[in-house]
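One structure is given here, and the rest of the page talks about it.
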Amino acid sequence: MRLRSLIELEALRQSILQKKDPNKPCISLCSGTGCHASGEKKVQEAFRNELKKRGVDDKVEVKSTGCFGFCQFGPNVVLHPEGTFYHSVRVEQVPDIVEKTVLKGVILEDLLYTDPSTNLKIFHEKDVPFYAKQMRNILGNNGLLEPTNIEDYIGLGGFVALAKVLGEMKPEQVIDVVKKAGLRGRGGAGFPTGLKWETARRSPSYPKYLVCNADEGDPGAYMNRSVLEGNPFSVLEGMIIGAYAIGSAEGFFYVRAEYPLAVKNIILAAKKARERGLLGKNILGSELDFDVKVIKGAGAFVCGEETAMMASIEGKRGMPRPRPPFPAESGIWGKPTNINNVETWANVPLIIRNGVDWYQGIGSKTSKGTKVFSLVGKIKNTGLVEVPMGTSLRTIVFDIGGGIPNGKALKAVQCGGPSGGCIPASHIDVPVDYEGLKELGAMMGSGGLIVMDEDTCMVDMAKYFVSFTQSESCGKCVPCRIGTKRMLEILEQITQGKGINQHIATLESLCATIRDGSLCGLGQTAPNPVLTTLMYFRSEYEAHINEKRCPAKVCKALIHFEIDKDKCTGCQACKVRCPAKAIDGQPKKPHSIDQNLCIKCGVCQQTCPTKASAVMRLDNLSTEAAR
Amino acid sequence: MIPDQNETVKQCGIKTGWEISETESHKLAKILLKYHKKKEDLISLLQEIQEEFGYLPRNVLHALSREIHVPEHEIFGVATFYSQFTFNQPGRHKIRICLGTACHVRGAVGILEELQRNINTKPGSTSKDGEFSLETVMCLGSCALGPIIVMDGDYHGQMTPLKVQRLIEDRQKEAGT
């Protein structure tokens with residue numbers, strides 16, 4: 001049914017709330033991509049079948065919701081109304097859960113989360129240390145609603161902000177509120193959103209376009225995907241408000257094709273909103289006309305840059321162009337275009353609904369609100385973390401992330417993807433906001449935090465990021481196209497043990513040239529991973545160059561494997577599995593590795609039943625010491 | 001229309017290798033119906049063609065160029081720019097390996113090398129027997145399970161070179177029986 005006025009929207013909300021029985025048992029399953037990959041689909045089916053078998057499928061609801069963020073322990077399940085939180089649920093456990101917890105209210109202790117520091121079992125999701133220190137404004141509703149169910153969203157206060165804007169505010173007032181709240185772009189650079197909107201509004205030509213930038217290309221970052229997958233209506237609502245403020249009638253969602261679920265959910269959400277009269281002509285009976293189109297990105301990192309994205313939307317090669325003119329003046333097809341990141345749009349309804357003062361109260365002096373980070377790498381609790389701006393990196397890594405697994409030490413945190421930098425463990429207390437990270441040579445980026453332990457080689461890391469930017473460089477500017485190639489070659493030589501002293505100086509001068517001579521953000525920030533690793537981990541570069549040694553024992557040319565004759569039991573496991581047939585030895589007698597044949601794949605170390613104790617990974621120095 | 005153009009080519013007796021079969025022509029026409037045949041739809045069109053055919057066949061692109069009035073070189077310019085597009089026919093088993101940062105720090109490079117050794121294929125191509133095709137992606141967003149590979153839509157997380165050997169062996173056994 002199409003909603004024709006604000007009153008009808010409110011009436012619908014009331015009827016949804018009345019129909020809802022807060023005491024009805026409901027099994028909520030996280031169906032984000034992380035849990036999906038861990039087998040959520042099968043678990044969900046098992047729940048449905050089990051309930052049907054027992055004839056209670058009409059009394060208990062099964063909901064597949066958006067991402068809970070606790071990806072390490074997927075598939076995650078919350079049983080309402082009690083709110084019991086079970087993690088890593090397997091299909092075999094489903095009958096037990098239905099029989100005991102759902103029907104009898106008995107809690108299965110084995111499935112509860114155990115706090116590793118106190119060894120206590122935790123019943124509720126919110127008490128898990130991973131969640132306790134977060135402030136989940138953007139992600140909070142993910143676990144409560146079915147992503148493409150518009151009634152769920154309306155029941156949770158959805159479109160209240162839109163109603164407020166349409167009913168009580170002038171476009172200029174909306175921009176003023178966003179400006180005063182201090183919302184800054186969540187895509188990386190942190191440009192004030194209100195200012196961007198104002199420029200687009202003032203721009204004299206028509207039509208005006210809005211774009212939601214969901215081309216989240218940073219490897220190791222997936223916060224935007226989770227918002228789009230889990231709560232697409234919140235982004236849509238933000239965009240409709242933006243359309244009202246800027247005076248636009250058409251919007252685009254530019255979503256990575258690698259995120260099929262996000263694409264599906266946003267298309268479905270737009271369709272449902274259209275049916276309800278929340279998109280299209282005369283939204284909620286007002287003068288506002290606005291509709292959106294979903295465009296699938298085709299896998300080019302540079303398209304995250306706004307001018308490149310606009311070229312891509314026009315159906316061309318996604319290559320950036322110089323600014324000015326800025327997109328707000330001349331964007332898609334030469335018309336004013338306003339591009340904001342997914343998370344920025346999702347912040348807008350919250351600001352309108354809760355007010356400027358509420359938003360100003362969250363975050364640090366210059367950066368307001370919360371920010372979602374994807375915390376990945378060598379970390380115990382991989383997942384999505386939402387904290388107020390200015391929270392220290394230590395809180396994020398140790399209190400929320402649970403620290404480093406396998407008793408290893410933290411070495412660095414890479415922040416901001418290929419454009420960001422490595423923050424060394426010594427700066428772990430840095431407040432995470434736009435300015436704090438910039439001071440250290442890193443940047444907020446879209447919010448990927450990759451944790452590295454002592455087994456990560458920083459030269460290899462720099463090489464990884466440069467090889468990424470090198471292959472993603474669109475080729476328009478010479479410094480970026482050729483400079484990144486030359487940097488990559490040098491880094492390859494260093495990691496292969498062919499480094500010379502001159503290399504570090506050459507790298508530094510290349511970095512400066514690429515940074516100063518490139519047109520877009522990709523080139524300008526491409527040197528950051530090299531610059532920060534050179535700044536904080538210069539000794540590792542020097543060890544590679546001068547001693548031909550990789551301290552983290554990662555770079556293959558600089559390590560080798562040996563079998564400890566005293567520990568080897570001669571079980572032949574490694575010999576069978578060695579792909580290079582480099583291992584020789586009689587059964588029950590110590591084996592040995594032929595260094596000329598060895599390809600250093602490490603399979604022997606993994607197969608060794610005495611768990612890596614007989615097969616040793618050595619660098620040049622430790623061999624000499626051993627001898 | 002496409003068949004006409006094919007006719008002309010046939011009448012001239014030129015064998016270009018770009019002739020499009022009737023089924024191919026039908027498939028393309030069906031896709032074209034959904035769009036305005038404007039240049040701005042090019043990327044979406046290519047995506048749909050790849051979905052339908054599994055890759056971008058040379059002859060279909062040739063026909064597409066005639067249909068939407070965009071020169072072939074421009075179509076190729078766009079198709080080669082974006083990493084999603086491939087010009088090779090995929091294998092029976094499609095393998096995608098994630099090389100995102102989180103997977104990288106957990107050893108994805110070793111997994112890729114082991115995969116290449118086992119299926120004898122480079123990223124972006126298909127093995128000679130047509131069994132496996134290998135593709136690399138920068139982040140699947142399932143970082144908690146890294147290093148991760150996706151084979152025929154199934155996620156295999158926390159991979160080790162040893163697990164790769166076993167996985168490929170299983171598939172090869174299936175093919176053998």
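The values are calculated or read from the model by the stated rules, or taken from the named source; none is laboratory data. A quick note: this is a predicted structure, and the numbers were derived from the prediction, not measured. Using ideal geometry, Cβ is built from the backbone for each residue, glycine included, and neighbour counts are taken over all protein chains shown.
Quick notes
- Selected residue (criterion: surrounded by the most Cβ atoms within 10 Å (Cβ to Cβ)) from residues of region B:114-144 that are assigned to a strand (DSSP E or B) and within 14 Å of chain A (Cβ to nearest Cβ): B:Val137
- Evaluation of B:Asn6 against (1) in a helix (DSSP H, G or I); (2) surrounded by 17 or more Cβ atoms within 10 Å (Cβ to Cβ); (3) at pLDDT 90 or above (one fails), failing number: (3)
- Among the residues of region A:1-23, those that are more than 20 Å from A:Gly285 (Cα to Cα) and of a type in the set (A, V, I, L, M, F, W, C) comprise A:Ile16, A:Leu17.
- So A:Val174, is it over 24 Å from the mean Cα position of the chain (by Cα), more than 18 Å from A:Glu8 (Cβ to Cβ) and not assigned by TED's automatic domain parsing to the domain that holds A:Arg394: yes
- Members of region A:254-283 that are among the small types (Gly, Ala, Ser) and without any contact (Cβ under 8 Å) to a residue 60 or more places away in the chain: A:Ala257, A:Ala262, A:Ala270, A:Gly280
- Only residues that are within 13 Å of chain B (Cβ to nearest Cβ), touching a strand residue (DSSP E or B) at 6+ places or on another chain (Cβ under 8 Å) and on the phi < 0 side of the Ramachandran plot were counted across region A:443-461, and they come to 11.
- Answer from A:Glu435, A:Glu439 - the residue that is charged (D, E, K, R) and closer than 29 Å to B:Gly141 by Cβ: A:Glu435
- Taking the conditions (1) assigned to a loop (DSSP other than H, G, I, E, B); (2) within 14 Å of another protein chain (Cβ to nearest Cβ); (3) surrounded by fewer than 24 Cβ atoms within 10 Å (Cβ to Cβ) in turn, A:Gly497 satisfies each one other than (2).
- Helices (runs of 4 or more DSSP H) wholly inside region A:329-442 that include at least 1 residues being buried (at least 24 other Cβ atoms within 10 Å of the Cβ) and within 14 Å of chain B (Cβ to nearest Cβ): A:342-354
Residues are listed down the side, and each one gets a yes or a no for (1) over 20 Å from A:Val294 (Cα atoms); (2) surrounded by 17 or more Cβ atoms within 10 Å (Cβ to Cβ); (3) in contact with a strand residue (DSSP E or B) (Cβ under 7 Å, 6 or more places away or on another chain); (4) without any contact (Cβ under 8 Å) to a residue 12 or more places away in the chain:
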| site | (1), (2), (3), (4) |
| --- | --- |
| A:Ile175 | yes, yes, no, no |
| A:Thr193 | yes, yes, yes, no |
| A:Trp197 | yes, yes, yes, no |
| A:Arg202 | yes, no, no, yes |
| A:Ala214 | no, yes, yes, no |
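- Long-range neighbours under 9 Å by Cβ, at least six apart or interchain, first residue touching a residue at least 12 places away in the same chain (Cβ under 8 Å) and within 14 Å of chain B (Cβ to nearest Cβ) within region A:17-35, second among the β-branched types (Val, Ile, Thr) and buried (at least 18 other Cβ atoms within 10 Å of the Cβ): A:Cys30/A:Thr65; A:Cys30/A:Val77; A:Cys30/A:Val78; A:Ser31/A:Thr65; A:Gly32/A:Thr65; A:Gly34/A:Thr382; A:Cys35/A:Val43
- Scope region A:213-252; condition within 11 Å of chain B (Cβ to nearest Cβ) and in contact with a Phe, Trp or Tyr (Cβ under 6 Å, 6 or more places away or on another chain); matching residues: A:Gly217, A:Arg225
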